[in-house]
Amino acid sequence: MREVTPKKIREMKGKEKITMVTAYDYPSALLADKAGIDIVFVGDSLGMVVYGEENTLNVTMEQMVFHTRAVARAVKQALVLADMPFSSYEVSVEEGVKNAVRLIQAGADAVKIEGGADHEKLVRKLVRMGIPVMGHTGLTPQRYLRLGGYRITGETEEEIEEILRDAKALERAGAFAVVLEFVLADVAKLVTEEVSIPTIGIGAGPYVDGQVLVWHDLLGIYENSPPFAKRYAELGGIILEALNQYNREVKAGEFPSEEYYWEYGDKEDFERKAKNALRRLDF
C-alpha cells in the first residue's frame, strides 16, 4: 500500500494543504511522486492535453486503464487517483461498478466521479465495496454542453444550492474528498466550511483544503492555459528550442561530434574484419 491513503487525505482537512497534480505516463508520475505531491491524478483531461481532443467526452475506458497502469507503476508514495470517463458510470450503477473495478485493478487507489447528488447511490455502493471515491462539482467538464461551455460557477443561488447539494451528497455517501472546479472563491469557502471531507480546488480560490493543476498547464507545455492555472515553468519554449538546435546541428553535420560516437582504433583491424564479413556474405 502506498503511503498516502484516502484516510490520510481526509485527516489532512484543516491541518495541512493537499497537493494534487495530473499525470498520464510513467516519467511524469515518477517526477510528481519524487516531488512529494499527495495525489497523482490520471485525469480524463488526457483527452485534450495528450490526444488533442476539443473536450473530454471521447475519452474511453481503455485509454484510462492504459494510462492508469503506466502511472501506477511509477508511484510509490502518493495516492493514485483515476478518473471515470464520460459514459462509464452514467448508464447504471452496475456499469459504474464494473468500470471502477477496472481502474482499481489497473493500479489506482481511488476513482473520481463527476457530479454529486446524481450519483450518490453509485458512490455509496463503491465505498461499501471498498473502492474509495472522490467527487467533483462546480464546473464538471463532462457536462460542459449542459453548462453552456467552460465557465465559472456559483454566480446564482441555484448554482450555489446545487454545488452544496452535491458536496453534501458526496459526504453522506462516503466520498473521501470533492473537487471544486472553477467555482467562485466565496462559494468554495462556504462548501469547505459546510462539509467534513476535504475540498480540492481548481480555479476555486485559496479557501479550500487543497489544489489541483493539470501537468501541461503547470509546466507551460502549451502556449495557452486556463485563466486559473499558474504556469510554474515554460517548458514548451525550452523543449522547442532544444528540438530546433538538434535540427540545426544535424542538418549542418555538427551532431554527432566526436564525443558522441566510437570508432575502431586500429583501422587495419577493421578493414580486415569488414573484408572477411563481406566475403562471407558473398557481396
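The values are calculated or read from the model by the stated rules, or taken from the named source; none is laboratory data. All figures in this text were calculated on a predicted structure; none of them were measured in a lab. FYI the Cβ positions are ideal-geometry reconstructions off the backbone, even for glycines, and counts take in every protein chain you see. With ligands, DNA and RNA removed, areas are computed over all heavy atoms of the protein, side chains included. Shrake-Rupley method; radii C 1.70, N 1.55, O 1.52, S 1.80 Å.
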Item checked: So Lys7, is it surrounded by fewer than 18 Cβ atoms within 10 Å (Cβ to Cβ), modelled with pLDDT of 95 or more and over 28 Å from Val191 (Cα atoms) -> no
Here, strands (runs of 3 or more DSSP E) confined to segment 167-283 with at least 2 residues that are surrounded by fewer than 16 Cβ atoms within 10 Å (Cβ to Cβ) and in contact with a Pro (Cβ under 6 Å, 6 or more places away or on another chain) are none
Condition check: β-branched (Val, Ile, Thr), surrounded by 19 or more Cβ atoms within 10 Å (Cβ to Cβ) and touching a Leu at 6+ places or on another chain (Cβ under 9 Å). Does Ile113 satisfy that? yes
Checking Val93, Val80, Val127, Val133 in turn, the sole residue that is crowded, with 24+ Cβ neighbours inside 10 Å, among the hydrophobic types (A, V, I, L, M, F, W, C) and either under 25 Å from Glu162 (Cβ atoms) or out of contact with any helix residue (DSSP H, G or I) (no Cβ under 8 Å at 6 or more places or on another chain) (or both) turns out to be Val133
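Residues are listed down the side, and each one gets a yes or a no for (1) among the aliphatic types (A, V, I, L, M); (2) under 19 Å from His119 (Cα atoms):
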site	(1), (2)
Thr140	no, yes
Thr156	no, no
Lys189	no, no
Glu194	no, no
Leu218	yes, no
Ser225	no, no
Here the residues within segment 29-51 that are of a type in the set (A, V, I, L, M) and open to solvent by 10 Å² or more (accessible area, probe 1.4 Å) are Leu30, Leu31, Ala35, Ile37, Met48, Val49, Val50
Result of the Cβ filter at 8 Å on segment 243-268, keeping first residues that are at pLDDT 95 or above and of a type in the set (Ser, Thr, Tyr) and partners that are in a helix (DSSP H, G or I) and surrounded by 10 or more Cβ atoms within 10 Å (Cβ to Cβ), at least 6 apart or interchain, is Tyr264/Phe270
Test result for Glu54, surrounded by fewer than 24 Cβ atoms within 10 Å (Cβ to Cβ), of a type in the set (Asp, Glu) and within 24 Å of Gly201 (Cα to Cα) | yes
So Lys98, is it of a type in the set (D, E, K, R) and either crowded, with 21+ Cβ neighbours inside 10 Å or touching a residue at least 60 places away in the same chain (Cβ under 8 Å) (or both):
no
Exception for Phe86 within (1) crowded, with 23+ Cβ neighbours inside 10 Å; (2) within 19 Å of Glu181 (Cβ to Cβ) falls at (1)
Flag for Leu122 being open to solvent by less than 20 Å² (accessible area, probe 1.4 Å) and more than 15 Å from the chain's Cα centre (by Cα): yes
Of the residues in segment 60-77 that are of a type in the set (Lys, Arg) and closer than 20 Å to Asp38 by Cβ, the one that is surrounded by the most Cβ atoms within 10 Å (Cβ to Cβ) is Arg73
Across (1) touching a residue at least 40 places away in the same chain (Cβ under 8 Å); (2) aromatic (Phe, Trp, Tyr); (3) open to solvent by less than 50 Å² (accessible area, probe 1.4 Å), Tyr26 clears everything bar (3)
